[in-house]
Amino acid sequence: MEHSFRTIIVAFTLFALLVAPNLGNSQEFSFPASKDPAVFKAQLLQFVQLTRKNLREIQALPVDDSSPVDQSLINSAHYAYALIRSALHGMDLALEQQTYKDPALILAKKRVEQAWNLARFPAQSQSVPTRAEWVSQSVQNLTQALRLVQQAQAILP
C-alpha cells in the first residue's frame, strides 16, 4: 500500500512537470511537501532537469531589451522554484520527525536551502535594470543552484 502511494505521488509530480510549463501566465505553483525521501528526491531530480532546460533557454535569450522574456520561461522558472521549495519543506519535515538527526540529511538540506535562495532570482527578479544583467545573474545563480542540488543528491541516502 505504501509503495503504491509513493508511486502515485512520484507519477503525479512527473505529470505536473510536463503540464505546468504550458499553463497560463498567472499560475502559482504549489506542491504538497512530504517527509518521504522518495518524494523530495524526485522533486530535486525534477528541479535539476527543469533548471537545466531553463538555463539553456536563458542563455539563448538576446541580451538586448527589444522583446520581453517569453512567459513560458518565466512560468518554468516559477515551477522549478516551487519544486525546490517543496523538496526543502519535505526535508524539514523529515528532520523534525527524527529523534536522531541524520547528519547527511542536515548537510543535504543546507545545500538545498542555498540552491532554493539562488533559484528565486530568475523566477522573481525581473526588475533589474537591463536584460543583460538579468540573464547574467540568472545564469550564474542557476548554475550554482544546480551544483548545490547535485551535491545534495549525492549526499542523500
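The values are calculated or read from the model by the stated rules, or taken from the named source; none is laboratory data. All figures in this text were calculated on a predicted structure; none of them were measured in a lab. So basically every Cβ, Gly included, is an ideal-geometry build from the backbone, and we count neighbours across all protein chains shown.
Report, by residue number, each residue of region 49-92 that is of a type in the set (Ser, Thr, Tyr) and either outside any helix (DSSP H, G or I) or at positive phi (or both).
Keep residues of region 49-92 that are of a type in the set (Ser, Thr, Tyr), which gives 51, 66-67, 72, 76, 79, 81, 86.
If the condition is that a residue be of a type in the set (Ser, Thr, Tyr) and either outside any helix (DSSP H, G or I) or at positive phi (or both), then Ser66, Ser67 are the ones that fit.
Show the residue pairs that are 6+ apart or on different chains and have beta-carbon atoms under 6 Å apart, the first residue being within region 93-110 and in contact (Cβ under 8 Å) with a residue 40 or more places away in the chain and in a helix (DSSP H, G or I), the second being surrounded by 14 or more Cβ atoms within 10 Å (Cβ to Cβ) and of a type outside the set (A, V, I, L, M).
The qualifying pairs are Leu93/Lys35; Ala94/Lys35; Gln97/Lys35.
Identify the single condition in (1) within 16 Å of Lys53 (Cα to Cα); (2) at pLDDT 95 or above; (3) not acidic (Asp, Glu) that Arg85 does not satisfy, given that it satisfies every other one.
Among (1) within 16 Å of Lys53 (Cα to Cα); (2) at pLDDT 95 or above; (3) not acidic (Asp, Glu), the lone unmet condition for Arg85 is (1).
If you check every pair at least six apart or on different chains, which have Cβ atoms under 8 Å apart with a residue in region 29-43 that is closer than 27 Å to Ser72 by Cβ first and a residue that is outside any helix (DSSP H, G or I) second?
Pairs found: Phe40/Ala33; Phe40/Ser34; Lys41/Leu156; Gln43/Phe31.
Output the number of residues of region 111-151 satisfying the condition of being closer than 21 Å to Gln46 by Cα, of a type in the set (S, T, N, Q) and touching a residue at least 24 places away in the same chain (Cβ under 8 Å).
To start, the set of residues in region 111-151 that are closer than 21 Å to Gln46 by Cα comprises 111-124, 138-151.
Now restrict to residues that are of a type in the set (S, T, N, Q): 114, 117, 124, 138, 140-141, 143-144, 150-151.
Next, only the ones that are touching a residue at least 24 places away in the same chain (Cβ under 8 Å) stay: 114, 124, 138, 143-144, 150-151.
Residues meeting the conditions: 7.
Can you tell me how many residues in region 58-92 are in contact (Cβ under 8 Å) with a residue 60 or more places away in the chain and over 9 Å from the mean Cα position of the chain (by Cα)?
8
If I ask for residues that are exposed (fewer than 13 other Cβ atoms within 10 Å of the Cβ) and among the charged types (D, E, K, R), which ones from region 94-120 would you list?
Listed by number, the residues that qualify are Glu96, Lys101.
Being part of a helix (DSSP H, G or I), buried (at least 20 other Cβ atoms within 10 Å of the Cβ), at pLDDT 80 or above and small (Gly, Ala, Ser), is that true of even one residue in region 29-38?
Within region 29-38, not a single residue is part of a helix (DSSP H, G or I), buried (at least 20 other Cβ atoms within 10 Å of the Cβ), at pLDDT 80 or above and small (Gly, Ala, Ser).
Of the residues Ser66, Ser127, Ser76, which single one is surrounded by 14 or more Cβ atoms within 10 Å (Cβ to Cβ) and of a type in the set (S, T, N, Q)?
Details: Ser66 fails: surrounded by 14 or more Cβ atoms within 10 Å (Cβ to Cβ); Ser127 fails: surrounded by 14 or more Cβ atoms within 10 Å (Cβ to Cβ).
Among Ser66, Ser127, Ser76, only Ser76 is surrounded by 14 or more Cβ atoms within 10 Å (Cβ to Cβ) and of a type in the set (S, T, N, Q).
Out of all the residues in region 121-147, which are in a loop (DSSP other than H, G, I, E, B) and over 15 Å from Asp65 (Cβ atoms)?
Narrowing region 121-147 to residues in a loop (DSSP other than H, G, I, E, B): 125-130.
Result: Ser125, single match.
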